[in-house]
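**Q** Right, I'll just put the structure down here and ask away after.
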Amino acid sequence: MRLPGAFTRMTSIATVSTVRNQDGARRARTVDETAAAIRGNANRSGFTNPYAIHTTGFGLIQSASSAVDHETRSPIQNVAIFIVYSTSDASTGRAGFRTLRANARMMKTYYRNVKGEALGEMTEFRPGSWIRAEEPSADSIKQLAETFGLDEGHLRDALDPLEVPRYEVEPGAVYLYTRIPVRDGEAFTTVPWLLVYHDEAVITIASRALPPVDHWAAKTTTAITTQKAKLLLQLLNIVNQTYAQHLNAIARAIRALGPKLLERDVQNRDVLRLVGHEGVLQDFLTSLQHSQVMLNQLLHGRHIQFHEEDKDLIEDLVLNTGQMVELCRSSLKTIVSLREASSTILTNNLNRVIRLLTSLTVILMIPNLITGLYGMNVTLPLAESPAAFTGILALITALTALFFWIFQKNRWL
């Protein structure tokens, strides 16, 4: 990292952003109290010329990281994290130290070299680190751009929910935009994820937390951050694995609807689920197609130097992406076929019901017609006959049976 001015090292200092009054009530620290706490922590950390610049415009940052109140042993959620630049030149005065506030949940730094046993989260930046930013604030984006000489506009594009995978090259950095699937409740969606290949670090930025990346960072035994090109490909491989996992889950759900369709047991919720899967697959397909183009540019470009085994990994990524594109298309065709078959069955059932009701209406019209005629207050045949009721009932039964037989013979029922 290029440290501004005469800065010689950098670390993070944490302090609780609340204190207790004399009556025991907890209140927010003032700027001066926070500055004093930071200077004290910096001194204890071995810093020289500790000085912290505070402006009331920033305020204190709420952190999801928990601290413990040593008096009550209760958790405290208000923790301010300060990244402190150090300089050995006391003449730099107020510019000698700068506190950069970051949320512990938003910004993490990982480091591992070839001699390291595992990927570890660091409090100090080292060349060859992986800087991971999730849900970054505007100040964090600006600070990353200033510290590493990056284009702030490119970094902000990573927070655009409509950003598509693409490949951008600027002096000193390569920007790889991709989209990674995440579960949003019961549904799946994709969010932009920016991977920046910088001369001194790999930087990733996302607009929200990424559980697949959390899981990989906690379990991986092969990640070496100093091998930046290989790390970049491993991160891209996480994207492909996540797509494959979700695509297989959707494919299983689609196949489970097939037997229901044959058994005519498709409910409205099943149709709505198919429509939801279709929307997700369309999103996946668009993202994967753009990612395939981006990976091909990465493979044939000369902006990042890859070893031969790394090139093999890129080719595998391109191949896997192409296979997932075909899987998306196949699943979409299956959904269309199921939906059309379901629509045809529903239409046929509706036609049968309408035909049955129409036939019954015609058949029942005969007794209604006869009884209606004999309900008139006029002289009618058999009006004086004691067997009139029996004769009319027999006539109605005979005509109804005749019409029923005709409809049955013509399969109108």
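Every read-out reported here was derived from the displayed coordinates using simple, explicitly stated rules and does not represent laboratory data. Just so you know, these numbers come straight off a predicted model, no measurement behind them. Neighbour counts are summed over all protein chains in view; Cβ atoms, including those assigned to glycine, are modelled from backbone coordinates with ideal geometry.
**Q** Can you check how the C-alpha radius of gyration of segment 297-341 compares to 2.2 N^0.38 Å, as a plain ratio?
**A** Here the Cα radius of gyration is 1.77 times the empirical estimate.
**Q** Now a separate question. Using only the alpha carbons, work out the radius of gyration and Dmax of segment 245-362 in angstrom.
**A** Rg and Dmax of segment 245-362, Cα atoms, are 21.8, 82 Å.
**Q** Oh, and also: Could you work out the Kirkwood radius for segment 171-313, taking every pair of different alpha carbons, averaging 1/r and inverting it, reported in Å?
**A** 17.1
**Q** Take the cross-link list LYS219/LYS260; LYS142/LYS311; LYS115/LYS311; LYS230/LYS333 and give me the ones stretching past 29 Å between alpha-carbons.
**A** Violating the 29 Å limit, Cα to Cα: LYS219/LYS260; LYS142/LYS311; LYS230/LYS333.
**Q** Right, another one. In what order do ARG112, ARG208, ARG352 fall by count of nearby beta-carbon atoms within 10 Å, going from fewest to most?
**A** The order, fewest Cβ neighbours first, is ARG352, ARG208, ARG112.
**Q** Hey, another quick one. Just to confirm a number: summing +1 for Lys and Arg and -1 for Asp and Glu over residues other than THR109 whose beta-carbon lies under 10 angstrom from that of THR109, what do you get?
**A** +1
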